Amino acid sequence: QVQLVESGGGLVQAGGSLRLSCAASGLPFSSYAMGWFRQAPGKEREFVAHLSRSGRSTEYAESVKGRFTISRDSGKNTGYLQMNSLKPEDTAVYYCAADPWYPSRSVTSYSYWGQGTQVTVSS
């Protein structure tokens with residue numbers, strides 16, 4: 001049974017940092033493309049970042065480029081999203097996702113999802 005479990009969310013002041021983790025079980029994370037998405041109240045889930053299966057290719061939403069970094073530790077079977085210089089508009093529930101094929105900006109492209117972790121950035 002595949003399971004993705006996010007952690008690391010919380011309340012932080014604007015300008016602060018958080019590191020989200022996504023612990024995977026039931027699949028070898030090193031062989032999967034990984035994505036991070038977020039959903040703010042009343043809005044659709046949106047793409048944040050993705051990492052290719054090889055780990056050599058990354059892509060970011062324009063709104064987070066230069067502030068967020070996606071990575072993966074294959075030995076721990078865990079993915080990460082390092083978030084720096086946080087802004088109030090980053091407030092959302094953050095979800096990690098995995099797919100055995102290609103990374104994508106599309107929500108519908110991912111086979112597996114975590115339950116989400118809340119990130120709240122105060123001004």
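The values are calculated or read from the model by the stated rules, or taken from the named source; none is laboratory data. The structure presented is a predicted model; accordingly, all values stated were derived computationally and were not measured. Cβ: placed from backbone, ideal geometry, glycine included. Neighbour counts: every protein chain shown. The area values use the complete protein model at the heavy-atom level, side chains included, leaving out ligands, DNA and RNA. Shrake-Rupley method; radii C 1.70, N 1.55, O 1.52, S 1.80 Å.
Work out how much length TRP101 to THR58 would gain on full extension: take 0.36 nm times their residue separation and subtract the Cα-Cα distance, in nm to one decimal. Taking TRP101 through THR58 to full extension adds about 14.0 nm, to one decimal. Working from Cα pairs under 8 Å separated by at least six residues, relative contact order for the chain is 36 percent. In region 29-99, the convex hull through the Cα atoms has an average projected area of 4.8 nm², a quarter of its surface area. The accessible surface of the chain, taken with every protein chain in place and a 1.4 Å probe, is 46 percent carbon and sulfur.
In the context of the full set of protein chains, residues of region 4-114 present 48 Å² of accessible surface per residue (probe radius 1.4 Å, heavy atoms only). Loop-located trypsin sites (Lys or Arg not before Pro) across region 31-123 with a Cβ neighbour count of 12 or fewer within 10 Å are LYS43, ARG56, LYS65, LYS76, with loop assigned by DSSP. Each Cα pair under 8 Å and six or more residues apart adds its separation to the average, and for region 68-123 the resulting relative contact order is 34 percent.
Loop sites by DSSP among the GluC sites (Glu not before Pro) of the chain, restricted to those with at most 15 other Cβ atoms within 10 angstrom, leave 63-123 as the longest stretch without any of them. Distance from the alpha carbon centroid of region 59-89 to that of region 21-46 works out to 11 angstrom. The P(r) of the chain has a tail past 24 Å containing 18 percent of all C-alpha pairs.
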